[in-house]
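See below for the structure under consideration.
The values are calculated or read from the model by the stated rules, or taken from the named source; none is laboratory data. In this text the structure is predicted, and so the values were computed from the model without any measurement. Backbone-built Cβ (ideal geometry, glycine too); neighbour counts: all protein chains shown. Heads up: the accessible areas ignore ligands, DNA and RNA and are worked out on the full protein's heavy atoms, side chains in. Shrake-Rupley method; radii C 1.70, N 1.55, O 1.52, S 1.80 Å.
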Amino acid sequence: MKRDISTDDKSRSAARAAAAEARPVPAVSLPPGPTRLKFWGVRGSIPTPGPTTVHYGGNTSCVEVRADGQIIILDAGTGLRLLGRQLVAEFDSQPLDLTLLLTHTHWDHIQGLPFFLPVYKPQNHLRILGYEGARHGLEVVLAGQMESPFFPIGLREVPANVRIEELKEMSFNIGLVRVQACFANHPSKCVGYRLFTSHGSIGFFPDNELHPPAASERRKLRDFLRGTDVLIMDTQFDTEEYHQHTGWGHGCLDDVVALALEAEVKKLFLFHHDPNHDDAKISQMLAHARKLVTARKGKLQVEAAREGVTVELAK
Ligand SMILES: [Zn+2]
Ligand SMILES: [Zn+2]
C-alpha cells in the first residue's frame, strides 16, 4: 500500500534538499599541465577599437592564468568579457570556481566585470580579491559601477556566488599558488602581484611608475621581482612621452627594461599600451626595447603583450 508521506518525512526530505543545495558542487577540475597565461586585454586607460589597433588589441587589462588546478584572473578590464565567453563555451554548465585578483579599481581594470558571463550562471563561484578602494571599501566601489543609472543589474543581484574579499595581508595562497603583493607607484591604492606556481612565477604590474621613487623603493621592487619568469609591466610611455607625463603613475619603457635586466627577469611583456599608440608605434617600442637589451648584452626576452596570445611556463 502506498503510504502518505508524513510531515516528518516531508521535513526530512526538505532538509535533505536544502543540504544538497548548500553543499558546494565540486568545481570543474583542470587537467594537470604547465602554467599557462593568456592575454585578454592589454590596453591602458580606455578601450581602443579600430583598424590601427587590431594587431595588439584594444581591450583593457585582463590576463588569465591557469596553474596548479586554479583559474586565476588578473584584473577585470574589458578583456574580461571575452574570457567569460570562452569559459562558458569551454565548460558549458560545469560549475566554475574562479579567483579574480584586482590590482586597483580604476575603470580600465574593472569595467569588464558587469559583462562577465560566468556571474550570470548560478552554478559558478567567483572570489574577488583586492585591496581597499580609494575612499570606499572594495565592495562599495565594485557594486557602485553596476548601480542604476550606470547598469541595469546590481552586483549583488547576479545569480553566481560572488564573494568580495578585501585583502589585508601582502602574501596569501590561492590553492597551491602562492601570491605576493607589492604596492605600486600609481595614484590611489594600487598593487602588483607575483604568482608562484609549480612551473615558474609571473609578475603583474599593469600600472606603475618607476620614477621618481627613492633608490630604496627601486631596490625593493627589484628584489620583489628577482628571477621572475614572466613579467607583465606597465610601459605606457617612451622616454619623450614620459617626460611630459612624469607623476602620472605610468611606466617609461627604458626604465622598465633596465629594471627587468637588473632583476634578472627571463621574459618581459610590455603592457598597458597607451590608447594613443597604434600598432606601428607599439612595434617600434618593442624593437627599441630589444635594442636596449642587446646593447647591455642581456638575456632578457622582450615581447609586447597582444590580445589572444598564450604563454606557457614549463619547468
Ligand atoms: Zn590602468
Ligand atoms: Zn590605474
The extension gain from T52 to T239, computed as 0.36 nm times the residue separation minus the Cα-Cα distance, is 65.1 nm
Here the net charge surrounding R222, from other residues whose Cβ is less than 10 Å away from its Cβ (Lys, Arg +1; Asp, Glu -1), is 0
At R0 = 45 Å the Cβ-Cβ FRET efficiency linking F115 and D223, nearest 0.05, sits at 0.75
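Could you tally up the Lys pairs in the stretch 252-315 with alpha carbons closer than 14 Å? Skip any pair fewer than 8 positions apart unless they're on separate chains.
5
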With every protein chain kept in place and a 1.4 Å probe, the stretch 34-178 has an accessible area per residue in Å² of 44
Once phi for every residue in the stretch 166-172 is put through the Karplus expression 6.51 cos²θ - 1.76 cosθ + 1.60 (θ = phi - 60°), the whole-Hz ³J(HN,Hα) values, with Gly and Pro written as x, are 7, 7, 10, 8, 9, 9, 7
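State the three equivalent ellipsoid semi-axes of the stretch 72-156, derived from the C-alpha gyration tensor as the square roots of 5 times its eigenvalues, in descending order and whole Å.
Values: eigenvalues 91, 39, 27 Å².
Each semi-axis is the square root of five times an eigenvalue, giving 21, 14, 12 Å.
Using r as the Cβ-Cβ distance of V140 and R296, and R0 as 51 Å, what FRET efficiency do you calculate, to the nearest 0.05? Please list the in-between numbers first.
Values: r = 46 Å, r/R0 = 0.90.
Taking R0 as 51 Å, the efficiency between V140 and R296 is 0.65.
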With 0.36 nm assigned to each residue of separation and the Cα-Cα distance removed, S171 to F151 gains 3.8 nm
Of 84-95, 29-40, ordering from highest average Cβ density within 10 Å down gives 29-40, 84-95
FRET efficiency for S93 and K315 from the Cβ-Cβ distance with R0 = 25 Å, rounded to 0.05, comes out at 0.15
Spelling it out for L270: with amide H atoms placed in the peptide plane at 1.01 Å from N, the residues 5 or more places away or on another chain with amide H under 5 Å from its amide H are E303, A304, A305
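Which percent of the accessible area of the stretch 128-287 is formed by carbon and sulfur heavy atoms (probe 1.4 angstrom)?
Working: 3620 of 7040 Å².
Answer for the stretch 128-287: carbon and sulfur cover 51 percent of the accessible area.
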Reduced to Cα centres, the span from the stretch 136-181 to the stretch 189-237 in Å works out to 23
Expressed in square angstrom to the nearest 10, the accessible area of T78 with a 1.4 Å probe stands at 30
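Any chance you could run the full-extension gain for S216 through E262? It's 0.36 nm times the residue separation minus the Cα-Cα distance, nm to one decimal.
On the way: separation 46, 0.36 × 46 = 16.56 nm, distance 1.42 nm.
Net length gain for the segment: 15.1 nm.
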Dividing the helical contributions, -39500 (n - 2.57) per DSSP H run of n ≥ 4, by the residues of the chain yields a 222 nm value, nearest 500 deg cm²/dmol, of -8000 deg cm²/dmol
